Amino acid sequence: MTDINTYLREWTMPHVLCPGCAHGIVLRSFLEAVDQLQLDPDKLAMVAGIGCSSRLIGHVDFCTLHGTHGRAPAFATGLKLARPELNVVVLTGDGDALAIGGNHMIHAARRNIDITVLMLSNAIYGMTGGQSAPTTPEGAVASTTPAGNTEPMFDSCKLLIGAGASFVARVFAANPLEMTKVMADGITHPGFSFIEVISDCPEYFGRYNNIGGGANMLSWMTVQDEGVAGPLSAKRFVNHVPITVLSPALATGVLEREVRPVFSGIREG
Amino acid sequence: MSETTSGLLLAGVGGQGVLLASMIVADALVRAGHDVKQSEVHGMAQRGGSVFGHIRWGSRVDSPLVPLGSAEVLAAFEWAEAIRWVPYVRDGGAVVADIRMIVPPGACSDRRSWSMPYPGIDAEVFASRGLKTRLVDASAIATELGNVRAANNVVLGSLAAFLDIDVVHWEAAIEQFVPRGTEEVNLAAFRAGREASEAQIPLPTVEPEGFSGPHEIDIRHDWCKGCDICSRICPEYCLAVNGDGVLTVTNAEACTGCRLCVLLCPDFAITIHPPQEPATVPVHAVQGGASR
């Protein structure tokens with residue numbers, strides 16, 4: 001196994017994220033998946049839009065493309081059509097992918113182009129000051145919903161299955177081994193792979209909703225896991241969680257996997 | 001209790017098909033014209049715990065439980081379970097056992113001392129009470145036939161020698177109870193078990209690979225933001241964030257190298273070195289480019 005840090009642009013470290021932000025855990029799990037698959041760093045292109053999650057691509061030593069807000073799937077589509085030999089991975093956030101770029105996301109899924117989308121969902125707009133996002137659970141406090149969010153939240157996996165993505169999965173940042181496995185599956189899947197990673201924002205979501213810092217946020221997310229909770233529910237880790245906000249239980253694991261013709265821009269036959 | 005009632009015991013580990021085997025035995029006995037009662041215990045079976053089934057048969061059976069020291073035969077699917085349940089067999093009875101060894105999960109609960117090793121083996125347990133033994137390497141036979149999960153039927157094949165049931169009844173019961181599509185391999189396993197050669201009493205096990213000394217925790221302080229995740233997740237309480245928000249190793253002797261802290265560190269700040277491996281000097285030097 002390679003030292004994971006060799007995949008980082010070490011001179012950019014430490015990264016820009018807040019203390020306890022689970023996005024770093026997700027990035028590590030992704031790099032472990034890249035390492036397991038022995039992908040060539042020069043043949044791996046990461047495309048991102050705008051947001052905390054999108055900032056991560058600045059720290060990895062692959063080919064990286066920082067696009068405009070919400071348009072990462074569009075940049076990725078162009079890149080994959082022009083350079084089909086590349087592994088194209090889109091790193092995006094919940095606001096970037098579902099609100100600002102919702103249109104681009106569903107149409108990339110509809111075409112079933114062979115890219116992998118990692119959507120890091122922290123249920124809030126972290127970079128811009130904690131506004132409520134399409135994934136903010138009902139009742140949760142955000143800077144734009146000081147008395148609690150009144151809107152229902154998106155189930156992004158159902159949305160993407162409906163849009164036609166051929167690989168859809170949901171994982172929790174608190175389960176790094178499962179994350180790595182599902183990401184490796186998603187990268188190798190031929191066609192559009194969408195992986196929602198439930199990440200966290202201790203700085204805004206955790207603070208506004210009295211959940212606490214990074215460690216508490218991780219155990220908070222495990223109680224939303226519909227499947228078997230991860231290692232964090234063991235021992236003292238879970239005892240510190242005041243459960244004030246709870247989204248509906250989320251199904252985890254690979255939720256959709258089918259092999260369909262992959263979009264290449266060329267009409268066959 | 002009828003004078004003609006006999007009992008047998010099946011014992012193994014969760015996942016080996018002990019209960020399925022006990023249904024097959026019970027059904028074969030019914031087909032042979034006996035009154036049969038069967039009972040089972042399967043507590044934490046799916047976690048690798050002990051599973052056993054009691055079967056009693058005769059012209060009339062009132063209770064399914066086999067009293068201590070009265071079973072005709074013990075069929076064990078795992079070596080430690082064979083030792084554990086031997087007291088249920090009557091003097092001069094028989095023991096059929098798979099020599100496979102499965103280390104119980106309890107032995108893994110203390111990762112440092114491994115204070116629960118695999119039980120010792122004493123052939124005297126059998127000889128002193130005049131027990132007939134038939135040991136088979138059922139798992140190896142079943143693996144050779146293509147499916148290790150058919151090992152339970154290999155044991156039943158060996159068990160058949162001690163019970164007066166026509167082969168026709170055995171095979172009908174197997175066909176009825178095994179999962180659809182696996183009839184062939186299970187019947188083959190049963191037949192192989194009837195003819196299996198006697199296996200040797202297994203030698204005492206090699207010590208499990210355990211704690212070989214504390215791992216070294218290497219913290220990269222210029223990347224660590226003191227978020228407290230690693231110190232809260234560490235099962236051995238090795239790490240703590242001090243009052244200044246600096247992560248420190250508080251219990252270096254206890255690190256078992258589970259790497260939970262490494263996997264859950266958002267800042268790539270922790271590396272774990274195994275005891276033998278010389279710690280590499282971390283590269284803290286700025287590698288060109290402007291630092292952030």
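The values are calculated or read from the model by the stated rules, or taken from the named source; none is laboratory data. Quantities reported herein were computed from a predicted structural model and do not represent experimental measurements. Here Cβ is always computed from backbone atoms with ideal geometry, including for glycine, and neighbour counts include all displayed protein chains.
Points worth noting:
- Candidate set: region B:248-260, residues that are more than 11 Å from chain A (Cβ to nearest Cβ) and of a type outside the set (S, T, N, Q); chosen: the one surrounded by the most Cβ atoms within 10 Å (Cβ to Cβ): B:255
- Within region B:63-118, if we keep just the residues that are assigned to a helix (DSSP H, G or I) and touching a helix residue (DSSP H, G or I) at 6+ places or on another chain (Cβ under 7 Å), the residue that is modelled with the lowest pLDDT turns out to be B:105.
- Residue under evaluation residue A:212, criteria (1) more than 11 Å from chain B (Cβ to nearest Cβ); (2) without any contact (Cβ under 8 Å) to a residue 60 or more places away in the chain, criterion not met: (1)
- Evaluating residue A:203 against the criteria (1) surrounded by fewer than 24 Cβ atoms within 10 Å (Cβ to Cβ); (2) within 14 Å of chain B (Cβ to nearest Cβ); (3) in a loop (DSSP other than H, G, I, E, B) leaves one unmet condition, (3).
- Against the list (1) in contact with a helix residue (DSSP H, G or I) (Cβ under 7 Å, 6 or more places away or on another chain); (2) more than 18 Å from residue B:265 (Cα to Cα), the condition residue A:35 fails is (2).
- Listed conditions (1) at pLDDT 85 or above; (2) aliphatic (A, V, I, L, M); (3) farther than 17 Å from residue B:17 by Cα; (4) surrounded by 13 or more Cβ atoms within 10 Å (Cβ to Cβ) are all met by residue B:168, apart from (4).
- All positions within region A:137-161 that are assigned to a helix (DSSP H, G or I) and in contact (Cβ under 8 Å) with a residue 24 or more places away in the chain: A:156, A:157, A:159, A:160, A:161
- Residues of region A:153-180 satisfying the condition of being aromatic (Phe, Trp, Tyr), more than 14 Å from chain B (Cβ to nearest Cβ) and over 17 Å from residue A:112 (Cα atoms): A:154
- Number of residues in region B:261-292 that are more than 10 Å from every other protein chain (Cβ to nearest Cβ) and modelled with pLDDT under 85: the value is 7.
- Screening the candidates A:219, A:233 for the property of being closer than 20 Å to residue B:228 by Cα, at pLDDT below 85 and touching a His at 6+ places or on another chain (Cβ under 8 Å) yields one hit, A:219.
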